[in-house]
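Worksheet: the structure to be examined is printed underneath.
The values are calculated or read from the model by the stated rules, or taken from the named source; none is laboratory data. Predicted model, so just to flag it, every value in this text is computed and none were measured. Heads up, the Cβs are rebuilt from the backbone with ideal geometry, glycines too, and the neighbour counts pull from every protein chain shown.
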Amino acid sequence: MRAALAVLAGGAAWLAAAPAWAHKPSDAQLRLAIDGDTITGRLDVAVRDLDGALGLDADGNGEITWRELSAGAPRITAYLERRLTLGADGAPCVQRLGAPALAELSDGAYWAVPISASCAHRPRSIDVSYALLFDIDSMHRGLLHVAGQTTILRDARPVRIELDETTSAASFVKEGVWHIWIGIDHILFLSCLIVPAVFQRRTRRWAAADSLRDVCREVFEIVTAFTLAHSITLVISAIGLVALPSRWVETAIALSVAAAALNNLLRTIDARWAVAFALGLLHGFGFSSVLIDLGLPSHELIGALLGFNLGVELGQAAIVVALLPVVFWIRRTVAYQALLWAGSATVAIVALLWSYQRYVA
Amino acid sequence: MRPFAPDAPRPGRRKLTVLALGAVGLAAALTAAAFVTPDRAAAAAPTYVPGDPAQVIATVPPRDPGEVAARRELGSAPDRVELAVELARGDIARYRTLSDPRYLGRAQATLGRWWQLAEPPADVLLLRATIEQSIHQFAEARRDLDQLIRVRPRDPEAQLTRAVVATITADYAAARDSCRAIAELANPVVVAACEAPLDAIAGRADEAYARLARLVGAARSGDAAVRGWAMTELAELAFMRGDSDAAAAHLAGALALDPDDAYARNLLADIWMATGHTGDASRLLAGREQIDSHLVRRAIAEHDLHGAGAARLVAAMRDRIAAAAERGDRIHLREEARFTLAVDLDAPRAVRIARDNWTVQKELADARLLAEAAVAAGDRDAAAPVIAWARATGVRDATLDRLLARLEVMR
């Protein structure tokens, strides 16, 4: 009876725990891109998984320190080299793992290692032979991201990913649109320039603009100037003519937002297109760092650049088109005054705080 | 000016209105187009290199020398099933205490040599069924348990697991058989706790509650896990009868026995949220968000309270749902439906997820969820499977009865 109860105790405990699916099951992320005849990318594997496979917790105390992990690095590299092979169109490529670092994902630290494989020619398909971890964890999954599509690797069987040549330029357009919309500093900068456009200087004083056409012309000038400016710097830094440290670029972008907002309050410079051009130069450097992070394929540089820039312009146009009619509509109301003054003041303060944060970061 | 339309907008204004509406529509459409882009996950996380060698990068269970030795032994003699079973049991125990699904996958891998066999050894069958049940492969689990019971009819763990799986999949006759089989093998509290949900679903929650309460009261001491389980069952019965105070008291008792009892904690949070004590529910779950079923409840509670951490919790839950979808898992359906209903306020979508969930599992909580989503969506037909189930079983549950009554008037 006691034996039965002991067994049952285990049973009862899991009856109670059954629905609690916790943490995350084991995933590894493998992101690949094509750059000429080279496959480049990064592999992220959970540190806890590597410990399960290789026993990295040297003192066995349950805490894997950076020291223990660094000491295990050669074994990790050997393990990954043995179990991950990339090829192109059925032929092997010469594969190399780069210097590892850590990446913090939602369920903990991952071992992040750059990977590159030079192939005989530009791959039309990628062969991935991925045999990590399945032998110790049947629920492990390799998530292979190539050319905007994700393949779930459920076992060690090799897979072949056909590459669609036309996707990349289109995907860069999407990235461009996406980037400007999640980049709150670009949105604020543009808004600071556009919101006052419904006011125009008449002789010595400011008054609400009468015609939408005049307003549109001014906004068009501003947007064109901003576009030209950031396109110039985007191109020269994406092709590597100028490389600025991202900390300085990010700080300067925050300062440019503050400057645009302060200009609304102080009304120092009437020609907002000039402001848009001068400060827009900074934003281009910011765009280019995103593009580089995306893994810019050097042979498709022009397509990617054009696509990304087109995306940025589309995203920006959508913002203008959404914002302008509203602002024009309310230009004679108190709400507009509140938006202009309180909004600019808030943006100026927040942007100054950002620049401080980015500077010290 | 036409006489009947004195307030008609001037042509210029009308043009501007049309322009503004068109502009907003266009911008919204563009925005939507970018947000449905499927490859958002493609962006890699930034990397860093720690400066301090002593920095702890990850926490794992401390090494167990016995386990290491057993693994080494299994490595040199890979067909020693008793070793594999012992190791897999350890992994499953770790899964239960840590609520970390990784260890289920490890248990499965440890049994890999026998996993695909049609007729593996009985011990492997039990563990395979346990793992399948944990990842909601109920049909597979049931098949293995039926097979196991044919060779080992007097295995209480097998019968108890079978009773649970059969209850979840609404095969109440089979569940009843297994509970009866346990009657000869275990103490009366276990048997009563096994039968209580079946009696309750058959509309006899009052009797089931009285019987289980009497037995738990009589067995003052006894195994803590069995006691905690019985108290959780008592709480479910009390809540079905509409007595949320008694339910909360039982759950407090279960949590006093085992603070890591995730099931009891969730149930208490649910009861508190249902009775307007949302802040208490959130505090009950605070700091335990690594468990998805805790996270989803806390995110909903903080969202309802407009709490400071709401945005972070909601984002974390979205991440978990996206991560599960990315690897092709669909075992989050219950959580996902609930979250969609409470946070996204997207009742039609919640209905779809809750219906998918109902095809997998049919517990009272799943019935309530689908009924609640159908009420929110104003869609009586969506709840048809639950209405039919309630009719067929004769279940009486305060929450479900209220929801079904609201669906009734929607006709």
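Just a few scattered comments:
- Tally, over segment B:35-68, of residues that are modelled with pLDDT under 50 and surrounded by 15 or more Cβ atoms within 10 Å (Cβ to Cβ): 3
- Against the test of being outside the structural domain of B:Ile135 (by TED's automatic domain parsing), within 14 Å of the chain's Cα centre (by Cα) and surrounded by fewer than 21 Cβ atoms within 10 Å (Cβ to Cβ), the options B:Val343, B:Val360, B:Val296 yield a single qualifying residue, B:Val360.
- Of the residues A:Trp181, A:Trp248, the single one that is surrounded by fewer than 21 Cβ atoms within 10 Å (Cβ to Cβ) and in contact (Cβ under 8 Å) with a residue 60 or more places away in the chain is A:Trp181.
- In segment B:320-335, the residues that are among the acidic types (Asp, Glu), farther than 22 Å from B:Ala170 by Cα and surrounded by 18 or more Cβ atoms within 10 Å (Cβ to Cβ): B:Asp329
- The single condition among (1) surrounded by 14 or more Cβ atoms within 10 Å (Cβ to Cβ); (2) without any contact (Cβ under 8 Å) to a residue 24 or more places away in the chain that A:Pro123 does not meet is (2).
- Considered as a group, the residues in segment A:69-96 that are in contact with a helix residue (DSSP H, G or I) (Cβ under 9 Å, 6 or more places away or on another chain) and within 14 Å of chain B (Cβ to nearest Cβ) include one that is surrounded by the most Cβ atoms within 10 Å (Cβ to Cβ), and that residue is A:Leu69.
- Residue match in segment A:31-48 (condition: out of contact with any Cys (no Cβ under 6 Å at 6 or more places or on another chain), at the interface with chain B (Cβ under 7 Å from one of its Cβ atoms) and modelled with pLDDT under 90): no
- Within segment A:253-276, considering residues that are small (Gly, Ala, Ser) and touching a residue at least 60 places away in the same chain (Cβ under 8 Å), the one surrounded by the fewest Cβ atoms within 10 Å (Cβ to Cβ): A:Ala258
- Any chance A:Ile222 is buried (at least 19 other Cβ atoms within 10 Å of the Cβ), at pLDDT 80 or above and touching a Lys or Arg at 6+ places or on another chain (Cβ under 6 Å): yes
- Among residues of segment B:176-193 that are facing another protein chain (nearest Cβ under 10 Å) and more than 19 Å from B:Arg152 (Cα to Cα), those with a Cβ under 7 angstrom from a residue that is part of a helix (DSSP H, G or I) and among the charged types (D, E, K, R), sequence gap 6+ or separate chain, pair up as B:Ala193/B:Glu233.
- Restricting attention to segment B:106-161 and to residues that are outside any loop (DSSP other than H, G, I, E, B) and of a type in the set (S, T, N, Q), the residue that is farthest from the other protein chains (Cβ to nearest Cβ) turns out to be B:Gln147.
- Qualifying residue in segment A:104-112 (condition: touching a helix residue (DSSP H, G or I) at 6+ places or on another chain (Cβ under 7 Å), under 22 Å from B:Ala44 (Cα atoms), touching a residue at least 12 places away in the same chain (Cβ under 8 Å) and charged (D, E, K, R)): no
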